[in-house]
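Data first, discussion second: the structure below is written as structure tokens.
The values are calculated or read from the model by the stated rules, or taken from the named source; none is laboratory data. This structure is a prediction, so every number in the text was calculated from the model and none was measured. Ideal geometry is used to build each Cβ from the backbone, glycine not excepted, and the neighbour counts take in all protein chains shown. Protein only, heavy atoms only, side chains kept; ligands, DNA and RNA dropped before computing areas. Shrake-Rupley method; radii C 1.70, N 1.55, O 1.52, S 1.80 Å.
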Amino acid sequence: MSRVNDVGGQTGFGDFTVEPDEPPFHADWEARVYALNAAMLRRGVYNLDQFRDAIERMPPADYLAAGYYERWLTAIETLTSGHDDG
């Protein structure tokens, strides 16, 4: 099943810029989301496959509008809310 994140070989998504010396995080909240995800994975709250699937199940418009760590936060919220539809 193809999902919105499966864009291999597709065109028309616009240009992107690689920042020289790009920092790993552009804001403090991104680092916190990264750390939170690492802690959840370590504690076995969910696994990496569940995390990836939660990102990929985002509604297409939300997925395309969200940044990288916004998608991570959405997945964490989905997997820890007790209302996971997957």
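Of all residues in the range 46-81 being under 22 Å from ALA35 (Cβ atoms) and assigned to a loop (DSSP other than H, G, I, E, B), which is most open to solvent (accessible area, probe 1.4 Å)? Among those residues, the one meeting the criterion is ASN47.
Applying a threshold of 6 Å to beta carbon distances and a minimum spacing of six or more residues, or different chains, the list of pairs starting in the range 18-42 at a residue that is over 17 Å from ILE55 (Cβ atoms) and ending at one that is surrounded by 10 or more Cβ atoms within 10 Å (Cβ to Cβ) and of a type in the set (Phe, Trp, Tyr) reads ALA31/PHE25.
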